[in-house]
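Below: one structure, written as structure tokens.
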Amino acid sequence: AAGCITLTIVLILTPILLELPLAADGQEEAWSAELQRFGFHVEPFGPRIFRITAIPADIGLTVAQRFLEDFTDQMGATDGRIRETQREQLIRHACHAAVKANDPVSGAAVLTLLRDLDRTSNPLTCPH
């Protein structure tokens, strides 16, 4: 479909457990859908507990954990939607992980990057 973005996700060996704050009660569907839009795989795991079994490939585990902690801290006050500043934070982290000038890159990695770049809708600009 036009305008759709394909996200690359990675499965994580040890799932991240999220415990919902009481203030977020009843918002599970909204925040779960929002996180999934950004490449997190969310599964129910118990009363007010969810587990994340996959994360966006571009941000890494440490960044994903920090983001999810911040997200749950603000969950009760945001009606389950990722705020614009949180979106920008994810994009910035993905950009910082990008290959920069003079970074050593294997030939196979270069080919993969070029193929990925060719599949984007606007390969000439960074999303932020």
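Table for the structure above
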item: Any pair with Cβ under 7 angstrom, 6 or more apart, that starts in the stretch 60-72 at a residue that is over 15 Å from residue 34 (Cβ atoms) and ends at one that is among the hydrophobic types (A, V, I, L, M, F, W, C) and loosely packed, with under 15 Cβ neighbours inside 10 Å; result: 60/97
item: Evaluation of residue 116 against (1) in contact with a helix residue (DSSP H, G or I) (Cβ under 7 Å, 6 or more places away or on another chain); (2) modelled with pLDDT under 75 (one fails), failing number; result: (1)
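The values are calculated or read from the model by the stated rules, or taken from the named source; none is laboratory data. In this text, all values refer to a predicted model and were calculated from it rather than measured experimentally. Quick reminder, even Gly has a Cβ in these numbers, built from the backbone with ideal geometry, and neighbours come from all protein chains shown.
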